1. Starting from the range 39-64, take each residue that is without any contact (Cβ under 8 Å) to a residue 60 or more places away in the chain and list its partners that are surrounded by 15 or more Cβ atoms within 10 Å (Cβ to Cβ) and part of a strand (DSSP E or B), counting only C-beta distances under 6 angstrom and pairs at least six apart or across chains.
2. Among the numbered criteria (1) over 24 Å from R10 (Cα atoms); (2) outside any helix (DSSP H, G or I); (3) open to solvent by 60 Å² or more (accessible area, probe 1.4 Å), which single criterion is violated by Y100?
3. Looking at N128, is it of a type in the set (S, T, N, Q), in a loop (DSSP other than H, G, I, E, B) and at pLDDT 85 or above?
4. Condition test on G178, is it without any contact (Cβ under 8 Å) to a residue 60 or more places away in the chain and more than 30 Å from P30 (Cβ to Cβ)?
5. In this structure, is Q93 open to solvent by 40 Å² or more (accessible area, probe 1.4 Å) and not in a strand (DSSP E or B)?
6. How do the helices (runs of 4 or more DSSP H) wholly within the range 14-88 filter down when requiring 2 or more residues that are surrounded by 13 or more Cβ atoms within 10 Å (Cβ to Cβ), within 22 Å of the chain's Cα centre (by Cα) and among the basic types (K, R): which remain?
7. Taking the criterion of being basic (K, R) and surrounded by 15 or more Cβ atoms within 10 Å (Cβ to Cβ), would at least one residue in the range 107-124 satisfy it?
8. Out of all the residues in the range 136-150, is one or more within 22 Å of the chain's Cα centre (by Cα), touching a residue at least 24 places away in the same chain (Cβ under 8 Å) and over 18 Å from A89 (Cβ atoms)?
Amino acid sequence: MSLERELQKRSGSKCELSGSEENLSVYIVPDVKENGLKTALYASKTCIEQMNAADSIDPNHWRCLNDSMWSEHDAVKIMAWRMLHRIDADWTQDLLGMMYMEDDLLELAQASGDGEEDENKLVHRDVNGVILEHGDSVVLIKDLKVKGSSMVAKQGTAVRNIRLDHENETYIEGRVDGQQIVIITEYVKKT
């Protein structure tokens with residue numbers, strides 16, 4: 001049986017990443033020395049184009065990874081992991097945090113260089129130097145007057161599910177008393 005027929009059978013004639021049933025073909029996972037069914041998947045033309053060209057990635061197309069990242073097939077897991085690292089969106093970090101891969105499979109996924117730390121990447125740190133991540137919870141360490149309003153965010157207020165500013169490492173965003181505000185990282189402590 002040919003590789004394509006095996007993949008059609010395995011996938012039910014659907015893209016193993018997006019579930020699309022149109023314009024499907026075999027995609028061989030790049031940067032992996034092994035060959036065969038373990039490193040091949042059945043994918044749509046749209047998925048293949050975006051996997052091959054980082055500048056044409058549409059983050060909304062890849063919301064399908066929420067389901068496909070749980071596939072039992074190695075090639076699908078590898079490409080889901082790689083695409084989650086290539087997409088610059090808050091929701092991808094949540095999915096990566098949930099995704100589990102055995103060490104040998106993770107090594108194959110990392111073979112393309114995706115997921116490596118960028119030396120120019122902004123690192124947000126709290127008052128104690130602890131690294132802050134998207135979704136963390138912090139506590140205010142002093143009363144803060146919120147610019148543009150009469151509100152004062154009180155010391156000891158917990159701010160849950162923070163968002164990081166992607167342009168300035170000293171700013172985070174969070175909700176205080178139902179209002180979304182920008183907070184300077186030197187006034188927070190990670191909980």
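The values are calculated or read from the model by the stated rules, or taken from the named source; none is laboratory data. Because the structure is predicted, anything quoted here is derived from the model rather than measured. Glycine gets a Cβ as well: all are built from the backbone with ideal geometry, and neighbour counts include every protein chain shown. Heavy atoms of the whole protein, side chains included, go into the accessibility calculation; ligands, DNA and RNA do not. Shrake-Rupley method; radii C 1.70, N 1.55, O 1.52, S 1.80 Å.
1. A40/V26; L41/Y27; Y42/L24; A43/Y27; S44/L24; I48/Y27
2. (1)
3. Working: of a type in the set (S, T, N, Q): yes; in a loop (DSSP other than H, G, I, E, B): yes; at pLDDT 85 or above: yes.
Spelling it out, N128 is indeed of a type in the set (S, T, N, Q), in a loop (DSSP other than H, G, I, E, B) and at pLDDT 85 or above.
4. Numbers: without any contact (Cβ under 8 Å) to a residue 60 or more places away in the chain: yes; more than 30 Å from P30 (Cβ to Cβ): yes.
Yes: the conditions hold for G178.
5. yes
6. 74-86
7. no
8. Yes, that holds for at least one residue.
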